[in-house]
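These notes concern the structure reproduced below.
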Amino acid sequence: MGKFDFEIDQDFVKKLLELSDPDEYVPQILDSAIPILEESVKSELSKHKRTSQLINSVKKTKASKSPNGGYFVCVMPTGKSDSYIDGKGVLRKYKVPVRNMEILAHLEYGTSKQKPTPILTKAYKDSYNEVMAKMQEEFGKVVVKWVYQVK
């Protein structure tokens, strides 16, 4: 429903693999950069705000290792919304609360009655350079620390 991939430069990955134990520092690198993406997603959502429930539900996860050995982090809405603002600007209650991830998917990809509003795509593109710079900065700290341990 809300798949969101973040590609890491292959040269960067090769450098990581040359270090001693990726399980030790990869989570640290990812965790340092994910707040940038989280802020970017919240910023984009605030432009399309109907109620604050969706924006307030956006949370980041800590880096986790997948079964195939890769690492991942997520920025996603959690929980459910119980109200919305209709086309006339009136606050209404849902008959049944709606998952915030479902609301974001409808915004991102559109529905039969709603045009797509690429919030995640824009947040990803807008924050890509800053996220990569932060990960490279953290990687530099790891390398310096590793070099001093090797000496």
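What the table shows:
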{"quantity": "Subset of the range 65-79 [open to solvent by less than 50 Å² (accessible area, probe 1.4 Å) and either among the aliphatic types (A, V, I, L, M) or over 24 Å from the mean Cα position of the chain (by Cα) (or both)]", "calculated": "73, 75"}
{"quantity": "Residue match in the range 133-146 (condition: over 28 Å from residue 30 (Cα atoms), among the β-branched types (Val, Ile, Thr) and surrounded by fewer than 16 Cβ atoms within 10 Å (Cβ to Cβ))", "calculated": "no"}
{"quantity": "Subset of the range 31-51 [at pLDDT below 70 and open to solvent by less than 60 Å² (accessible area, probe 1.4 Å)]", "calculated": "51"}
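Each row is one residue, and each column tells you yes or no for (1) aliphatic (A, V, I, L, M); (2) touching a residue at least 24 places away in the same chain (Cβ under 8 Å); (3) open to solvent by 60 Å² or more (accessible area, probe 1.4 Å).
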residue: 29; (1), (2), (3): yes, yes, no
residue: 54; (1), (2), (3): yes, yes, no
residue: 63; (1), (2), (3): yes, yes, no
residue: 81; (1), (2), (3): no, yes, no
residue: 85; (1), (2), (3): yes, yes, no
residue: 95; (1), (2), (3): no, no, yes
residue: 98; (1), (2), (3): yes, no, no
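The values are calculated or read from the model by the stated rules, or taken from the named source; none is laboratory data. Since the model is a prediction, treat every value here as computed from it, not as a measurement. Cβ: placed from backbone, ideal geometry, glycine included. Neighbour counts: every protein chain shown. What goes into the accessible areas is simple: the full protein's heavy atoms, side chains included, and nothing from ligands, DNA or RNA. Shrake-Rupley method; radii C 1.70, N 1.55, O 1.52, S 1.80 Å.
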